[in-house]
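Can you read through this structure? Questions will come right after.
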Amino acid sequence: MSHKRTLVTCALPYANGPVHIGHLAGAYIPGDIYVRYLRMRGEDVVFICGSDEHGVPITIKARKEGVTPQDVVDRYHKVMKDAFTGLGINFDIYSRTSSAVHAQNASEFFRKLYDQADFITQESEQLYDEEAKMFLTDRLIEGTCPKCGNPHAYGDQCENCGCTLSPEELLDPKSKLSGSTPVKKKTKHWYLPLDRYEPWLRDWILEQHKEWKTNVYGQCKSWLDSGLQPRAVTRDLDWGVPVPVEGAEGKVLYVWFDAPIGYISNTKELLPESWEKWWKDPETRLVHFIGKDNIVFHCIVFPSMLKAYGDYILPDNVPSNEFLNLEGDKISTSRNWAVWVHEYEQEFPGCEDVLRYVLTANAPETKDNDFTWKDFQSRNNSELLAIFGNFVNRAVVLTHKYFGGKVPANLKPEPIDAETLAAVRPCREALEKDVETFHFREALKEAMNIARIGNKYISDMEPWKVAKTDLDRTASILYTCLQLCADLAIAFEPFTPFSAQKLRDILRVGVNAGCDHRVGEGAPTVNWYKADEGRAVHTRPSSPAPTGDLVLTWDMLGASELLPAGHQLGEAVLLFRKIEDAEVEAQIAKLEAIKKARQEAEAARAAAEAAKKVEPQKPEVTFDQFGAMDIRTATVLAAERVPKTDKLLKLTIDTGIDQRTIVSGIAEYYSPEDMLGKQICILANLAPRTIRGIESKGMILMAKQGDGKMRFITPQEVVTNGAQIG
């Protein structure tokens, strides 16, 4: 595979919260793996991303916190950017849609389509909050679900029963901003008529891009088969890019229209003189890495926008992953059910590659998958540490022990040595095929297979035993092992860059890291990383590596000799550390505490809702009927459970008239001990009845709450037993 240039984008993360592992697994780690692979192959690549900073949720968060929307996006832009950098996800630019460059670019994009009459206008009635003075999105409207009675259904969906709704269907709808009842108000907006592009999209996607991943192709086909409808590109809001036409005061570009243009804006910001060759030259490939919730926007909507504009290239591929769950439950920002990347980096310093490895090994490439802390620990300890790290450490330590840390000469080779090195080649071929078809989970397995080859070889050859009788043969064994170590430094660079750098430091080799577009305009540079000096040397692509440097390139993977005899190694350093039980248990305990707090909050909310419910009034009675009831105060003298029942208590009470027995079904709310000495109210003249062989004379007066629990009706002050109530 060879291309003139490749433009790679990752979905712009929304700047109303931090990045979690679901984001990483969905788009950002796959995108970074692909870019690192292309650069290792000498391809010219630009890697684009940035924060998506407009839209209603950000204004809501700002309103709740009493700050401006800009304050919110400034905070999370930094948190997200630092989190990506900490995981080694190195974008050429990580900008933002609140930048001046983007405001101008998005405005010009809209204006051109407007001038070309590519939009239609529609007037409609939408729900409006008169107190907050703004139109409401579906998620800003809450009411009672007409199907299940859930009082907290949204304007688009009830999360209790899962049914799809419209705001008009909700019972007693309220604005989540002010709590007021919204009213309908007319508003005019501009729409992109996607139905015009449906025939073209059918051919472009369904006929020309059958190689797209099945989950992507299938979702696109489903949308197309359902028929496309015009989609609003503007909305009533005061936070965003203003609509640049007359009569659009108080309106901004809809965030779905605004955000993908951010890819173009960010490229302009990075390369103001040459951005067009990345977006308009047919020799450039455009690849979007996204999560499945963005498939429609990147495969149907954004391409239609680019097609309408006229001279932009279209996506060559849109590799999308499905969703990653956490410990068997859906990751949710609102429920705080997530592993936040910035917290992980603080709690597991030096383990950045472990998270990259585990998320790639469990990547939800074709279906939703699950992240568990036990699996995280197991993969680190039994794979990265026990196979990859163990092999490298043994090979380097033994080389220092027997040959002073220099690559030994291949003095006494045997067929098994060449066979072992040759086994790397099929791994490389499979790895390349998997990466180029965006199957990174399978590609990672092939990289690990090289480590397995090395680990098995050194275990079978036992150079520590051979050295006692045949140092020449030991030299050939370790020579072979070190070539495999160099192979691993190449193969793992896309997946675990920090560990690959550690390994290159040990081997004292550099790596061709490809073109660096962060150094400005002009001919791109190539980074030859000098491990012994700890710095990057920039040279022209055609220039040789600095004198004396050993530089690894992708094409060298599987070659017979990567490290020549006599090459001096650095000191052995452990590539990975053991993840202890206590570390994992602490993370699990954190999640359990979050789940428990959520359950308690949900139970409290349910109880509060239930308590609001009041039983309907019973049929009317006459004054004479009421007057016939003799309601008196009494005190409980003794209490015991009725045998073989769960609900009944036998109470002995003093009515002021007599002592009598009452059997009451209150055992699930009160224990016998709770009842002793309690003053209560009873219906004294209720006809006796026998319950479980016990004569019960009277009835205790209780109040039944909305949650079903029973409470006593008791005098506010202690009064004489037998006092009448009426």
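The values are calculated or read from the model by the stated rules, or taken from the named source; none is laboratory data. Treat the numbers as computed from the prediction; the structure is a model and nothing was measured. Cβ sites come from the backbone with ideal geometry, for glycine too, and all protein chains shown count toward neighbours. These area figures cover heavy atoms from the full protein model, side chains too; ligands, DNA and RNA do not enter into them. Shrake-Rupley method; radii C 1.70, N 1.55, O 1.52, S 1.80 Å.
If you line up the long axis of helix 440-461 against the longest principal axis of the chain, both from Cα atoms, how many degrees apart are they, to the nearest 10?
Between the helix axis and the principal axis of the chain, the angle is about 60 degrees.
Treat the range 589-704 as a sphere of radius equal to its Kirkwood radius over Cα pairs and apply Stokes-Einstein at 4 °C in a medium of 1.567 mPa s; give the translational diffusion coefficient in µm²/s, rounded to a whole number. All intermediate terms of the calculation are to be shown ahead of the outcome.
Numbers: Rh = 17.1 Å.
The calculation lands on 76 µm²/s.
What's the FRET efficiency of residue 580 with residue 277 using the Cβ-Cβ distance as r and R₀ = 45 Å, to the nearest 0.05? Could the numbers behind the result be given before it?
Working: r = 51 Å, r/R0 = 1.13.
Between residue 580 and residue 277 the formula returns 0.30.
Another question about this same structure. Hey, what did the range 235-338 get for relative contact order, percent, Cα under 8 Å, at least 6 apart?
Working: 101 pairs, mean separation 20.1, N = 104.
Result for the range 235-338 is 19 percent.
With only alpha-carbon atoms counted, please give the Rg and Dmax of the chain, in Å.
Cα-based Rg and Dmax for the chain come out at 35.1, 117 Å.
Given the C-alpha centroids of the range 571-606 and the range 124-194, what is the distance between them in whole angstrom?
Spelled out, the Cα-based centre of one part sits 37 Å from the other.
Take the solvent-accessible surface of the protein heavy atoms, probe 1.4 Å, and return the percent of it on the chain that carbon and sulfur atoms account for. Write down the numbers at each step before the final one.
Numbers: 16090 of 32580 Å².
Carbon plus sulfur share of accessible area: 49 percent.
With axes computed from alpha carbons, what is the tilt in degrees of helix 255-270 against the longest principal axis of the chain, rounded to the nearest 10 within 0 to 90?
The answer is roughly 30 degrees.
Calculate how steeply helix 56-65 sits against the longest principal axis of the alpha-carbon atoms of the chain, using the helix alpha-carbon long axis, and give the answer as 0 to 90 degrees to the nearest 10.
Rounded to the nearest ten degrees, it is 60.
If one puts a single equal scatterer on every Cα of the range 39-121 and applies the Debye formula without solvent, what log₁₀ I(q)/I(0) results at q = 0.15, 0.26 Å⁻¹?
The Cα Debye sum returns log10 ratios of -0.76, -1.18.
Determine, at each q value in 0.20, 0.24 (inverse angstroms), the log₁₀ of I(q)/I(0) that the Debye formula gives when each Cα of the range 103-215 is one equal point scatterer.
Result of the Debye calculation: -0.97, -1.12.
Taking the Cα centre of the range 164-230 as the origin and placing charges on Cβ (Lys, Arg +1; Asp, Glu -1), which of 187, 217, 230 is farthest toward the positive end of the dipole?
187
At 0.36 nm per residue, minus the direct Cα-Cα distance, what do residue 147 and residue 692 gain on full extension? Give it in nm, one decimal, please. If you can, show how the numbers build up before the last one.
Values: separation 545, 0.36 × 545 = 196.20 nm, distance 4.25 nm.
Using 0.36 nm per residue and subtracting the Cα-Cα distance, I get 192.0 nm.
Take the Cα atoms of the range 152-302, build their convex hull, and give its volume per residue in Å³. All intermediate terms of the calculation are to be shown ahead of the outcome.
Values: hull volume 27.1 nm³, N = 151.
So the per-residue hull volume is 179 Å³.
Here's something else I'd like to know. Of 61/213; 147/184; 81/221; 367/595; 292/433; 147/174, which pairs sit farther than 28 Å apart, going by alpha carbon to alpha carbon? Mind dumping the intermediate values first?
Working: 61/213 36 Å; 147/184 23 Å; 81/221 35 Å; 367/595 25 Å; 292/433 23 Å; 147/174 18 Å.
Checking Cα-Cα distances, 61/213; 81/221 exceed 28 Å.
How far, in nm, would the chain grow between residue 115 and residue 723 when pulled straight, counting 0.36 nm per residue and subtracting the alpha carbon separation?
Values: separation 608, 0.36 × 608 = 218.88 nm, distance 8.75 nm.
Going from the current span to full extension adds 210.1 nm.
Between the range 694-725 and the range 223-265, what's the alpha-carbon centroid distance in Å?
Result: 63 Å between the Cα centres.
Follow-up. Which value, in debye to the nearest 20, gives the size of the charge dipole of the chain about its Cα centre, when Lys and Arg are +1 and Asp and Glu are -1 at the Cβ? Spell out each step's value before the answer.
Values: 87 positive and 103 negative charges, 233 e Å.
Computed about the Cα centre, the dipole is about 1120 debye.
Can you work out the PRE-style zone for residue 183? Point 7 Å along Cα to Cβ, and I want the residues of the range 117-161 with backbone N under 16 Å.
Only 125-136 fall inside the zone, counting backbone N under 16 Å.
Using C-alpha positions alone, give me the convex hull volume of the range 669-726 per residue in cubic angstrom. Don't skip to the answer; put the middle values down first.
On the way: hull volume 7.8 nm³, N = 58.
So the per-residue hull volume is 134 Å³.
Just how large is the dipole of the range 405-499 about the Cα centre, in debye to the nearest 20, putting +1 at every Lys and Arg Cβ and -1 at every Asp and Glu Cβ? Could the numbers behind the result be given before it?
On the way: 12 positive and 15 negative charges, 62 e Å.
Around 300 debye, computed over the range 405-499.
Hey, another quick one. For the range 397-487, what is the per residue volume of the convex hull drawn over the alpha-carbon atoms, in cubic angstrom?
On the way: hull volume 7.8 nm³, N = 91.
Cα convex hull per residue, to the nearest whole number: 86 Å³.
Taking just the C-alpha trace of the range 59-101, give me its Rg and Dmax in Å.
Looking at the range 59-101, its Cα Rg and Dmax stand at 12.4, 34 Å.
Ignoring everything except DSSP H segments at least 4 long, calculate the 222 nm mean residue ellipticity for the chain; use -39,500 (n - 2.57) per segment, divide by total residues, nearest 500.
Numbers: 22 runs with 264 residues, N = 726.
Counting only the DSSP helices, I get -11500 deg cm²/dmol.
Could you tell me which residue out of 25, 56, 45 lies farthest along the dipole of the range 1-108 toward its positive end? Charges go on the beta carbon: Lys and Arg +1, Asp and Glu -1, centred on the Cα centre.
Result: 25.
Based on Cα coordinates alone, diagonalise the gyration tensor for the range 208-258, multiply each eigenvalue by 5, take square roots, and list the semi-axes in whole Å, largest first. Spell out each step's value before the answer.
On the way: eigenvalues 223, 28, 15 Å².
For the range 208-258, the semi-axes come out at 33, 12, 9 Å.
If you take the charge dipole of the chain about its Cα centre, with +1 on Lys and Arg Cβ and -1 on Asp and Glu Cβ, which of 430, 166, 511 is farthest toward its positive end?
Highest projection toward the positive end goes to 166.
Relative to the compact-globule scaling 2.2 N^0.38 Å, provide the ratio for the alpha-carbon radius of gyration of the range 260-364.
On the way: Rg = 17.8 Å, N = 105, 2.2 N^0.38 = 12.9 Å.
Taking the Cα Rg and dividing by 2.2 N^0.38 Å, one obtains 1.38.
Suppose each label sits 7 Å from its Cα in the direction of the beta carbon; what would the residue 78-residue 386 distance come out to in nanometres?
4.3 nm
Further question on the same structure: For residue 604 and residue 334, what does the FRET efficiency come to when R0 = 25 Å and r is the distance between their Cβ atoms, rounded to the nearest 0.05? Let's see the in-between values first.
Details: r = 17 Å, r/R0 = 0.69.
The value I calculate is 0.90.
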